[in-house]
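Here's the structure we're looking at; comments come further down.
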Amino acid sequence: MFVRKKMTANPFTISPDKTIPDAQELMTKHNIRRLPVLKNGKLVGVVSKEDILRASPSTATTLSIGEVNYLLAKTKISSIMTKDPIIISSNALLEEAATLMRDHGVSFLPVVDDGKLVGIITESDIFDSFIELLGFREKGTRFTIEAEDAPGIMSKLTKIIGDFGANISNVAVYRGTGGKSNVVIGVNSHNTAEMEQKMEEEGFRVLYKLEIE
């Protein structure tokens, strides 16, 4: 799946010349945790609630509330934002976005096409896509099956399912060791007893079954 299918388009943004209270107000009003920072229409950074917390005086400070508010009101976003953030294209795959987030330890990516910010993609978007990919909320039955890691095995398994008139809604393969892999496969049926028996007869082992109503 492509990033453009799951990103939030036209996200709220902020200028680097704005202050911490400006960012806090925007985040609170729209219930968001992160803001791309734009200057003259160009992405120059990102700022998050965590950045604001790090820049704010400790609760153990001896400063008065008035002094704290004064300092925050004088602190510009440009001084606390993450500059030159990692970005991704809307035409990239979600797997690429997930890998970038993981490798760089970030929880979201600005989506930029031809130098223009077109959206953001977050960890939550990736999690939702993962759940959707595995069909965890789709009605039917999800099997976790141990299978030989060999050519032709998947076609053999899918033929068994097809012979019982069931449709496959999703498939994922987790490669194991010792020449075995675990196949997570969802079908649009609850009446699967005979199908399971046939799988076992053909050398597959059903490790787990989950029926979703």
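Does residue 184 satisfy the condition of being touching a residue at least 24 places away in the same chain (Cβ under 8 Å), buried (at least 18 other Cβ atoms within 10 Å of the Cβ) and assigned by TED's automatic domain parsing to the domain that holds residue 51?
no
Is there a residue being of a type outside the set (A, V, I, L, M) and closer than 24 Å to residue 98 by Cβ anywhere in the stretch 183-206?
Yes, the stretch 183-206 contains at least one residue that is of a type outside the set (A, V, I, L, M) and closer than 24 Å to residue 98 by Cβ.
Could you tell me which of the residues 194, 213 is in contact (Cβ under 8 Å) with a residue 60 or more places away in the chain and out of contact with any Pro (no Cβ under 9 Å at 6 or more places or on another chain)?
213
Hey, does the stretch 190-199 have a residue that's among the hydrophobic types (A, V, I, L, M, F, W, C), buried (at least 17 other Cβ atoms within 10 Å of the Cβ), modelled with pLDDT of 95 or more and not in a helix (DSSP H, G or I)?
Checked the stretch 190-199: no residue is among the hydrophobic types (A, V, I, L, M, F, W, C), buried (at least 17 other Cβ atoms within 10 Å of the Cβ), modelled with pLDDT of 95 or more and not in a helix (DSSP H, G or I).
Within the stretch 15-32, track down each residue that is surrounded by 12 or more Cβ atoms within 10 Å (Cβ to Cβ) and not β-branched (Val, Ile, Thr).
15, 16, 18, 21, 22, 23, 24, 25, 26, 27
Of the numbered conditions (1) in the same structural domain as residue 207 (by TED's automatic domain parsing); (2) under 14 Å from residue 7 (Cβ atoms), residue 140 fails exactly one; give the number of that condition.
Condition not satisfied by residue 140: (2).
Residues that are at pLDDT below 90 and over 21 Å from residue 127 (Cβ atoms): which helices (runs of 4 or more DSSP H) entirely in the stretch 1-114 hold 3 or more of them?
49-55, 65-74
The values are calculated or read from the model by the stated rules, or taken from the named source; none is laboratory data. Remember, it's a predicted structure, so these values are computed and weren't measured experimentally. Heads up, the Cβs are rebuilt from the backbone with ideal geometry, glycines too, and the neighbour counts pull from every protein chain shown.
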